[in-house]
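These notes concern the structure reproduced below.
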There are 2 protein chains.
Amino acid sequence: MSEPSNRGRPRGLSDRVREDVHAAVRRLLVAEGYAAMRLEDVAAAAGVHKSTLYRQWATKAQLVRDVLVAGELEHYPRVDEGSLAADVEALVQGLTRLFRSPTTVAFVQTRATADDPELRAGLHELARQDTAFMRLPFERAIARGELPPDTDVGMLVELLLSPLLARVALTGSPVDDEFSRRLAGTFTALVAPHAAIGP
Amino acid sequence: MSEPSNRGRPRGLSDRVREDVHAAVRRLLVAEGYAAMRLEDVAAAAGVHKSTLYRQWATKAQLVRDVLVAGELEHYPRVDEGSLAADVEALVQGLTRLFRSPTTVAFVQTRATADDPELRAGLHELARQDTAFMRLPFERAIARGELPPDTDVGMLVELLLSPLLARVALTGSPVDDEFSRRLAGTFTALVAPHAAIGP
């Protein structure tokens, strides 16, 4: 594929320009939050004309939703360690790393505080996509006979993810090594009580 | 105890005035949210002079924190059904009722969106108090031998509560009967796999 030119009203953005715009949005969300961020600032930080942004994204909400979808899906941990206990360990470690990054914290807090219906709808869609692949370790565990066939996989995913979301969005309690260890330990003991963990 | 007069700079507020002020704060938090709520509006809604409020609460954050502490602690479910499975069922039913009320939703969203450090500190204190008595069903289960002695009770409480907090503060997913049934069912199956549930 040839990269479209940035001049003369291209249909899409080049990968490089898109990356610059996404990086600018992430920086500004961390620094200022969703409400204060202006498309003018994004354009200036990314070194593009504001009209370039508006050709791709009609509103700030659409731009932020695209960045959130791209950024979050890219960084969510994908694990396949061969057993439910090891998968839960790896999943919690990956999620803890993810929820420690200032970008993710800014994203979660944008979800909690944004009152833009379009953005919220996009974030619900994002949450559904996250859930889809976080189901896999539990579905494999059912296939292996480590969990009963009637396990409510969606609720397990929600139980595992919600403490991280609640700490970052609500309580401000730290997402540190101790929390990661306790969450992994308790969740593993609950879902895989008879499985050996680690060496 | 004699009720102090509302005239002539009383040291404290009468129970009735305090109830009126708390009710006004709850109504205004639901209707307008923390950021938009003004002490003038609280005073007008409660039928007291603004100076009466300022004698008791130096800031809006202090007033809201007091109301949240009083309101939340009063309505959190206290359960003692004789078994871990029955306690979890009752706890989830009580929490679901609590998290469906517009007042609680407004409180949780205030916690998520308030950027006042004093208010946040008060809400952390509140969260610790909540946790303290939600530990009891699990501590009784340890004493009865239904849970291992080294169970991380604090993490169990956080796992049970966080899906409710995340739905209300973040994802906007409904806290409905289906959710309540799924949360109780999955959590009970995890913590009390061998216990009988219900009749």
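Could you work out the Rg to Rh ratio of region A:50-199, with Rh taken as the Kirkwood radius (inverse of the mean 1/r over all Cα pairs)? Present the calculation step by step, with values, prior to reporting the outcome.
Details: Rg = 17.0 Å, Rh = 16.6 Å.
Rg/Rh for region A:50-199 comes to 1.03.
Going by alpha carbons, how many degrees (0 to 90, nearest 10) lie between the helix axis of B:84-100 and the longest principal axis of chain B? Taking the Cα atoms of chain B, the angle to B:84-100 is about 30 degrees.
Principal-axis analysis of the Cα atoms of chain A puts helix A:117-134 at an angle of about 40° to the longest axis. Within the same chain, lysines fewer than 8 places from A:K60 are excluded, and of the rest, those with a Cα less than 20 Å from its Cα are A:K50.
For a distance above 32 Å, tell me the whole-number percent of Cα pairs in the protein assembly as shown that qualify.
Counting every Cα pair in the protein assembly as shown, those more than 32 Å apart make up 44 percent.
Each Lys or Arg adds one and each Asp or Glu subtracts one; over the other residues with Cβ under 11 Å from the Cβ of A:P174, this totals -1.
When chain A is treated as a Gaussian network with alpha carbon springs shorter than 10 Å, the biggest mean-square fluctuation among A:A44, A:A114, A:A85 belongs to A:A44.
Within the full protein context, the accessible area of A:Y34 is estimated at about 20 Å² for a probe radius of 1.4 Å.
Determine the per residue accessible area of region A:151-197 with all protein chains present and a 1.4 angstrom probe, expressed in square angstrom. Walk me through the numbers on the way to the answer.
Working: 1560 Å² over 47 residues.
I get 33 Å² per residue for this part.
Take the solvent-accessible surface of the protein heavy atoms, probe 1.4 Å, and return the percent of it on chain B that carbon and sulfur atoms account for.
Working: 4860 of 9670 Å².
That share works out to 50 percent.
By the helix-only formula, in which each DSSP H run with n ≥ 4 contributes -39500 (n - 2.57) and the sum is divided by residues, chain A has a 222 nm mean residue ellipticity of -21500 deg cm²/dmol.
In region B:155-189, the residues that give up 30 Å² or more of accessible area when the other protein chains are added, compared with the chain on its own (1.4 Å probe), are B:M155, B:E158, B:L159, B:S162, B:P163, B:L165, B:A166, B:A169, B:L170, B:T171, B:R182, B:T186. For the chain pair A and B, buried accessible area totals roughly 2600 Å², probe 1.4 Å, rounded to the nearest 100. Placing dummy labels 7 Å off each Cα toward the beta-carbon, the span from B:A121 to A:A35 is 2.2 nm.
The values are calculated or read from the model by the stated rules, or taken from the named source; none is laboratory data. This structure is a prediction, so every number in the text was calculated from the model and none was measured. Please note: Cβ atoms are built from the backbone with ideal geometry, for glycine as well, and neighbour counts cover all protein chains shown. Note: accessible area is taken over every heavy atom of the protein model, side chains too, but ligands, DNA and RNA are not part of it. Shrake-Rupley method; radii C 1.70, N 1.55, O 1.52, S 1.80 Å.
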